Amino acid sequence: MNFFRQLLAILRVNLSGLPQRLGSSLTILVGVTSAVGALVAMLAMGTGAREQEQATVSAGRVVLTTAGSGIGQGNITEDEAGVILGLPGIRKNAKGEPIVAFEAMVPIQGRRQVTGVKIYFPLVGITPNVLELAPETHFTAGRMFQPGLQELIVSNPCRRQFVGFELGDRRPLHGSDWTIVGLFDRASSQQCVVYADAKTLMTLLKRTTYSTVSILLNSPSDFAVLRDAVKANPTLHLDVQHEADAIADAFKELNAVLNFVSFFVGTIMAVGATLGAVNSLYAIVDSRRREMATLRAIGFSGAAVVVSVLIESILLALPGAVLGSLAAWVLFNGLAASPFGFSYQLAVTPPLAVIGVEWALVMGLLGGLLPALRAARMPITTALRAT
């Protein structure tokens, strides 16, 4: 009898006996389900965060920052700003003016409505052409701030999440009160964003430099033209990035923390599930010593026994992967989270389910390896004499 016929015969025997080993089989199933569910749910935090980070990204927008700095950390002078306005590849509005938004950021504090916890987020001083730069922005109440006045416009997530961000509310800032004159949404973004007139804010803060410049290109293909022009100008010491890349860099540390926590917790759960699988499979092997010894005595190879136990372990783990991924989707997909003041929704996606299946396969292989080797190495005479 060849190897594959032996393997199929042993597998039929193994699987037909599952109802008699229901307790051990359920132990493996529950352990793998819990491990995969925890891993997928934790990974959904990072996936949801990345989706929210890129929610308002446009291929036609470019971000300029001081060389070596990130978004909100640059020091772009007025002289540099004047040169930037004359760069090639920039789209112009109906008046023939380049659509370039200069930004200056300062942290402000908000108090959560439910918990009362205080969170810092950026107040962005920006030039009034922000609506031309980001046409996905639309007002739901009020109006645009007026240059020269201490006025704010606020995204609706601010109003929903924090106290004191309703239309008409006044916010203290460096000894003066600023009035909220408009509420807006920006695509599917769930982030709290507060805009003010850049010049007015910089005057109050006694700042003379911008932190970031955002540009709308004629087309995405003009990126190289703009980048080369910046590099060729000795008066500009700026990094030029696609908006998506600049935002990814800005959130690199947050994503690293979320990924570490996800895999750390997932690994702990996986180790526990694997140990449970090992114990359960040892019990299954011990309960079938005479059966396996009989198979060996009539000519079945040890390799067929090893592979059959490994396959049985994997087949018991795979339903756990499916159930764990399904449980994570039902319980956590769309759940709101806000670590470090960054708001987003958990996203359980098909690629995460694939990762869950891969982890289940690894747990099945590791959990079944030692019991399989024990089954193959068991002395035939000893096993046949076992009661």
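Taken together, the values in this text are just the output of simple stated rules run on the coordinates, not laboratory data. Note that the structure is a prediction, hence the values are computed from the model and not measured. Virtual Cβ from ideal backbone geometry, glycine too; neighbours counted across all protein chains shown.
At q = 0.15 Å⁻¹, what log₁₀ I(q)/I(0) does a Debye calculation on the Cα points of the chain give, no solvent, two decimals?
Calculated log10 I(q)/I(0) at the listed q: -1.23.
May I ask you to sort Val306, Val348, Val225 by Cβ crowding, counting other Cβ atoms within 10 Å and putting the fewest first?
Neighbour counts put them in this order, fewest first: Val225, Val306, Val348.
Which loop-located trypsin sites (Lys or Arg not before Pro) does the range 92-133 contain, where loop means any DSSP state but H, G, I, E or B and the Cβ has at most 16 other Cβ atoms within 10 Å?
Filter output for the range 92-133: Lys95.
What ranking of Val309, Val63, Val36, Val261 emerges when the number of other C-beta atoms within 10 Å of each C-beta is taken as an exposure proxy, fewest first?
Lowest to highest Cβ neighbour count: Val261, Val63, Val309, Val36.
May I ask you to derive the relative contact order of the range 68-236, considering only C-alpha pairs under 8 Å and at least 6 residues apart, and to give it as an integer percent?
RCO, the range 68-236: 33 percent.
Return the calculated 222 nm mean residue ellipticity for the chain, to the nearest 500 deg cm²/dmol, obtained by summing -39500 (n - 2.57) across DSSP H runs with n ≥ 4 and dividing by the residue count.
Helices in the chain give a 222 nm mean residue ellipticity of -17000 deg cm²/dmol.
With a cut-off of at most 12 other beta carbons within 10 Å, and DSSP calling the residue loop, which trypsin sites (Lys or Arg not before Pro) in the range 146-214 qualify? Please list them.
For trypsin sites (Lys or Arg not before Pro) across the range 146-214 that sit outside H, G, I, E and B with at most 12 neighbouring Cβ atoms in 10 Å, the list reads Lys206.
Spelling out what I want: for every residue of the range 136-149, take phi, set θ = phi - 60°, compute 6.51 cos²θ - 1.76 cosθ + 1.60 (Karplus), and round to whole Hz; glycine and proline get x.
With the stated coefficients, the range 136-149 comes to 6, 7, 9, 7, 9, 6, x, 8, 6, 5, 9, x, x, 9 Hz.
Once you mark the GluC sites (Glu not before Pro) that are in a DSSP loop and have at most 14 other Cβ atoms within 10 Å, what is the longest gap between them in the chain?
After excluding every exposed loop site, the longest remaining stretch is 167-387.
Once you place label points 7 Å from the Cα toward the Cβ at Ala59 and Val354, how far apart are they in nm?
For the pair Ala59/Val354, the computed spacing is 2.2 nm.
Residue by residue through the range 222-228, what is 3J(HN,Hα) from phi via Karplus (6.51 cos²θ - 1.76 cosθ + 1.60, θ = phi - 60°)? Round to whole Hz and write x for glycine and proline.
Each residue of the range 222-228 in turn: 7, 4, 4, 4, 5, 4, 5 Hz.
What base-10 log of the normalised intensity I(q)/I(0) is obtained for the range 1-131 from the Debye formula, alpha carbons as equal point scatterers, at q = 0.09, 0.12, 0.15 Å⁻¹?
-0.59, -0.76, -1.02
Obtain the nm distance between the two label points defined at Val362 and Leu205 by a simple spin-label model: each point lies 7 Å from its Cα along the Cα-to-C-beta direction.
4.4 nm
Going by C-beta contacts inside 10 Å, put Cys192, Cys158 in order with the fewest on the left.
Going from sparsest to densest Cβ surroundings: Cys158, Cys192.
Which residue fluctuates most in the GNM of the chain (Cα springs below 10 Å): Asn233, Asn218, Asn255?
In this elastic network of the chain, the residue with the biggest mean-square fluctuation among Asn233, Asn218, Asn255 is Asn233.
Along the three principal axes, how long is the range 68-236 when you take its alpha carbons, biggest first, rounded to the nearest angstrom?
51, 31, 28
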